[in-house]
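Down below is the structure, laid out as structure tokens.
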Amino acid sequence: DALEIADTLDRERREGRSRGPLHGIPVLLKDNIDTADRMTTTAGSLALEGSHAPRDAFLAERLRGAGAVLLAKASMSEWANFRSPRSSSGWCSRGGQGLNPYALDRTPCGSSSGTAGGIAASYAPAGIGTETDGSITCPASTVGLVGIKPTVGLLSRSGIIPISATQDTAGPICRSVEDAAILLTALTCVDSRDPATRASAAIADYTSFLDHQGLKGKRLGVPRKVFTGYHDATDRLFEEALDVLRSLGATIVDPADLLHADDTGAAETEVLMYEFKAGLNAYLAALGPDAPVRSLEQVIAFNDRERDRVMPYFGQETLIKSQA
């Protein structure tokens, strides 16, 4: 429907009506964000192939109201990389391996890799990813884009296939900080379906905070245990980036290693497994009686039946642990 929607928006503009800076702009959505149209929402899983959401996610409603054209669902890591600890970033049973458009043999990184890859390849100027732990920031940085993981509760999560009620959030992935600020402005609003947004005060325009001198006087800590020591070339680029920050007026506190930076994250993973089971079961149950699967248990059973198609490279150990 994209061309028909675009024609309608062009006609509005010719008649002197503009919905704002997103009027007529095509936007990519990660394939875990509901749209009540002919596009499916599957989290990259064949278990949800053909699943149509009964209503738009709140952020999809906001984008339509702002005049954006929801151009496509972008491929993603299946179940947002929460199917197996041995999963491949960007791979899903519906679409295969998503690629890094700048280096086709390198990782696209993170479960929002299809959104980031589509923007980096110039299929669209802006997109929406989701993040629990690195799924916006990693693909954005890997393909040279701007990604923002907002504070949980700034943007609504209703109508998004979940992992974690305490960590999930959607966020913009764009070519510039200004574009990300424009998208963030359109998305921020209180949603009665997501109690976490109650403290989310609508900002009239995030672009009003853009400041080329904004780093002057800022103190930035460098947790070297996290960022350096993996590859010599990467370390050189990291040092060059620190020099740029210094040249723009930032005070670099180096090192500023975090006490628990080397923790394995076992406690976090345990929390995610509890939250994923509860959140996914609630999401699937709300799809209605025609949904292809209605629970995490049914997803696991589908994957076992379709093992050759769904699990050619890695299993579903995380799903099984979460169900338990």
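The values are calculated or read from the model by the stated rules, or taken from the named source; none is laboratory data. None of the values given here were measured: they were computed from a predicted structure. With ideal geometry, Cβ positions are generated from the backbone for all residues, glycine too; neighbour counts draw on all protein chains shown. We work out accessible area using only protein heavy atoms, side chains counted, and drop any ligands, DNA or RNA first. Shrake-Rupley method; radii C 1.70, N 1.55, O 1.52, S 1.80 Å.
Mind checking which residues of region 76-87 are assigned to a loop (DSSP other than H, G, I, E, B), closer than 14 Å to Cys138 by Cα and either out of contact with any Ser or Thr (no Cβ under 7 Å at 6 or more places or on another chain) or of a type in the set (A, V, I, L, M) (or both)?
Matches in region 76-87: Met76 only.
For every residue, the table says whether it meets (1) surrounded by 12 or more Cβ atoms within 10 Å (Cβ to Cβ); (2) within 29 Å of Trp79 (Cβ to Cβ).
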position: Ala6; (1), (2): yes, no
position: Arg17; (1), (2): no, no
position: Pro21; (1), (2): yes, no
position: Gly24; (1), (2): yes, no
position: Val27; (1), (2): yes, yes
position: Ile33; (1), (2): yes, yes
position: Asp37; (1), (2): yes, yes
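Across region 282-299, which residue is nearest to the chain's Cα centre (by Cα) among those that are part of a helix (DSSP H, G or I) and surrounded by 18 or more Cβ atoms within 10 Å (Cβ to Cβ)? Walk me through it before giving the result.
Quick first cut of region 282-299, residues part of a helix (DSSP H, G or I) only: 282-285, 296-299.
Restricting the remaining residues to those that are surrounded by 18 or more Cβ atoms within 10 Å (Cβ to Cβ) gives 283-284, 296, 299.
Working: Tyr283: 18, Leu284: 20, Leu296: 21, Val299: 22 Å.
Top of the filtered list is Tyr283.
For a quick check of your reading of the model, give me the residue pairs whose first member lies in region 212-238 and is on the phi > 0 side of the Ramachandran plot, whose second is outside any helix (DSSP H, G or I) and open to solvent by less than 100 Å² (accessible area, probe 1.4 Å), with beta-carbon atoms closer than 9 Å and at least 6 apart or on different chains.
Gly217/Gly249; Gly217/Ala250; Gly217/Thr251
Is it the case, given these coordinates, that Gly147 is within 30 Å of Arg62 (Cβ to Cβ) and open to solvent by less than 80 Å² (accessible area, probe 1.4 Å)?
Values: within 30 Å of Arg62 (Cβ to Cβ): yes; open to solvent by less than 80 Å² (accessible area, probe 1.4 Å): yes.
Yes: the conditions hold for Gly147.
Could you run through region 90-102 and say how many residues are without any contact (Cβ under 8 Å) to a residue 40 or more places away in the chain, assigned to a loop (DSSP other than H, G, I, E, B) and either closer than 21 Å to Ala266 by Cα or open to solvent by 30 Å² or more (accessible area, probe 1.4 Å) (or both)?
1
Take the residues in region 305-324 that are surrounded by 13 or more Cβ atoms within 10 Å (Cβ to Cβ) and out of contact with any helix residue (DSSP H, G or I) (no Cβ under 8 Å at 6 or more places or on another chain); name whichever of them is nearest to Gly95 (Cα to Cα). Before the answer, list the steps.
Residues of region 305-324 that are surrounded by 13 or more Cβ atoms within 10 Å (Cβ to Cβ), as a first pass: 306, 310-311, 314-323.
Now restrict to residues that are out of contact with any helix residue (DSSP H, G or I) (no Cβ under 8 Å at 6 or more places or on another chain): 314-315, 317.
On the way: Phe314: 15, Gly315: 17, Glu317: 21 Å.
Of everything passing the filter in region 305-324, Phe314 is nearest to Gly95 (Cα to Cα).
Within region 100-133, track down each residue that is aliphatic (A, V, I, L, M) and more than 28 Å from Arg64 (Cα to Cα). Let's see the steps before the verdict.
Let us first name the residues in region 100-133 that are aliphatic (A, V, I, L, M), namely 103-104, 116, 119-121, 124, 126, 128.
Answer for region 100-133, where residues must be aliphatic (A, V, I, L, M) and more than 28 Å from Arg64 (Cα to Cα): Ala103, Leu104.
Give the residues of region 61-75 that are open to solvent by 50 Å² or more (accessible area, probe 1.4 Å) and either of a type in the set (Lys, Arg) or in a strand (DSSP E or B) (or both), sorted by residue number.
Arg62, Arg64, Leu71 - these are the residues of region 61-75 that are open to solvent by 50 Å² or more (accessible area, probe 1.4 Å) and either of a type in the set (Lys, Arg) or in a strand (DSSP E or B) (or both).
Restricting the first residue to region 283-307 and requiring it to be within 23 Å of Gly159 (Cβ to Cβ) and in contact (Cβ under 8 Å) with a residue 40 or more places away in the chain, which pairs with a second residue that is open to solvent by less than 20 Å² (accessible area, probe 1.4 Å) and in a loop (DSSP other than H, G, I, E, B) meet a Cβ separation below 8 Å and a spacing of at least six or different chains?
Tyr283/Ile161; Leu287/Ser51; Leu287/Ala53; Ala291/Ser51; Pro292/Ser51; Val299/Ser45; Val299/Val293; Phe302/Val293
Can you find a residue in region 19-26 that is modelled with pLDDT of 95 or more, among the small types (Gly, Ala, Ser) and more than 21 Å from Ile203 (Cα to Cα)?
For region 19-26, residues modelled with pLDDT of 95 or more, among the small types (Gly, Ala, Ser) and more than 21 Å from Ile203 (Cα to Cα): present.
From the set of residues in region 232-259 that are part of a loop (DSSP other than H, G, I, E, B) and farther than 23 Å from Gly134 by Cβ, which is most open to solvent (accessible area, probe 1.4 Å)? Break it down stepwise before answering.
Pass one, region 232-259, residues part of a loop (DSSP other than H, G, I, E, B): 248-250, 254-259.
Imposing the further condition that a residue be farther than 23 Å from Gly134 by Cβ reduces the set to 248-250.
On the way: Leu248: 81, Gly249: 29, Ala250: 11 Å².
My answer is Leu248.
Just to verify a result, which residue in region 112-131, among those that are closer than 19 Å to Leu155 by Cβ and free of Cβ contacts under 8 Å to residues at least 60 places away in the same chain, is surrounded by the fewest Cβ atoms within 10 Å (Cβ to Cβ)?
Checking each candidate, the answer is Glu131.
Sort out which residues of region 186-211 are free of Cβ contacts under 8 Å to residues at least 40 places away in the same chain and open to solvent by less than 30 Å² (accessible area, probe 1.4 Å), and write them in order of number.
Thr188
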